[in-house]
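Below: the structure, in structure tokens.
The values are calculated or read from the model by the stated rules, or taken from the named source; none is laboratory data. Quick caveat, the model's predicted, so the values are computed rather than measured. Please note: Cβ atoms are built from the backbone with ideal geometry, for glycine as well, and neighbour counts cover all protein chains shown. What goes into the accessible areas is simple: the full protein's heavy atoms, side chains included, and nothing from ligands, DNA or RNA. Shrake-Rupley method; radii C 1.70, N 1.55, O 1.52, S 1.80 Å.
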Amino acid sequence: MVWIAGGHFLMGSDKHYPEEAPAHRVAVDGFWIDRYAVTNSEFERFVKETGYVTVAERPANPDDYPDALPEMLVPSSTVFRKPAGPVDMSNHYNWWTYVPGANWRRPRGPASSIAKLKDHPVVHVALEDVKAYARWAGVQLPTEAEWEFAARGGLDGTDFPWGDELAPGGVHMANTWQGEFPYRNTLEDRFEYTAPVGSYPPNGYGLFDMVGNVWEWTSDWYQEHGKIDSPCCTASNPRGGEREASLDPRDPAKVPRKVTKGGSHLCAPNYCRRYRPAARMAQPVDTSTSHLGFRLVIRPNGAN
């Protein structure tokens, strides 16, 4: 882990997506944070020691999904599948598929494995899985404010952890998508899917892959920045949102959502410019995907 001294920073952005606004001053106390996202090798050790079975490896409870087809209740997870050509960009089902047998051990479906991906970030982890790992390791999920403060690497208000240019001097600084998403990836950054952790330069705090590669869970319930109290003033150690909905998989509007941060290898200039510290996404707590992982923190005062 890396020690991040406390400080003030400008959280969010007024220049990009609406959910990032308004930019507002925040203060956080010091904390330790993982230098890298948790890898397949580290998650495998946890599973071997505890016998833990992830959400994606369990069959869904038919009582929770009374209208679901039986084939949708088998152990499954959500996998990116590249279409053959241009598609309707308003329908994400053109590239996201619910794949039986996909899980952290088989990230692209039953025929895949992590045999050569031990140093890649673990994916297909729902919130319940991440919390189980954190309990085992004796650590916590970062808040959105902690995560963003760490991701910025000491640069306040820049678009990226390294400045304001996506690829300064033509050098790719993170694992993102080049070309036309979702059907043509030119692989200028060398990677079609996830990359081994640490494949790109660290930020100013010595942290790797804080944008791109995989989205990362935080502990905050999702709310719009516009709902925060006193955006003009400095908030201290903010915790985002209230849990306003119960977990009801039959009604997607009632499935609670946590904030995820950082974008992934699927973020592209023509579709999703969320490979930035200010970017955020509302992730249903019961859902895992092939581009979502996590890293963890320790707070010296023991606070959760």
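With all pairs of separate Cα atoms included, region 1-141 yields a Kirkwood hydrodynamic radius of 18.3 Å. Springs join every pair of Cα atoms under 10 Å in this Gaussian network model of the chain, and among ASN175, ASN103, ASN40 the largest mean-square fluctuation is at ASN40. Among the lysines of region 1-122, pairs at least eight places apart or on separate chains and with Cα atoms under 28 Å apart come to 4. Computed over the Cα atoms of the chain, pair by distinct pair, the Kirkwood hydrodynamic radius stands at 19.7 angstrom. For the peptides 80-88, 112-120, residues were scored by their other Cβ atoms within 10 Å and the scores averaged per peptide; the highest-first order is 112-120, 80-88. Think of region 1-126 as having a plus end and a minus end, set by charges on the Cβ of Lys, Arg, Asp and Glu; of ALA68, GLY109, ILE4, GLY109 sits farthest toward the positive end of this dipole. Taking amide H atoms as placed 1.01 Å from N in the peptide plane, the amide H of SER219 lies under 5 Å from those of THR143, GLU144, each 5 or more residues away in sequence or on another chain. Per-residue ellipticity at 222 nm computed for the chain from its helices equals -3000 deg cm²/dmol, with DSSP H segments shorter than 4 residues left out and the rest contributing -39,500 (n - 2.57). Accessible surface area normalised per residue over the chain is 45 Å², counting heavy atoms of protein chains with a 1.4 Å rolling probe.
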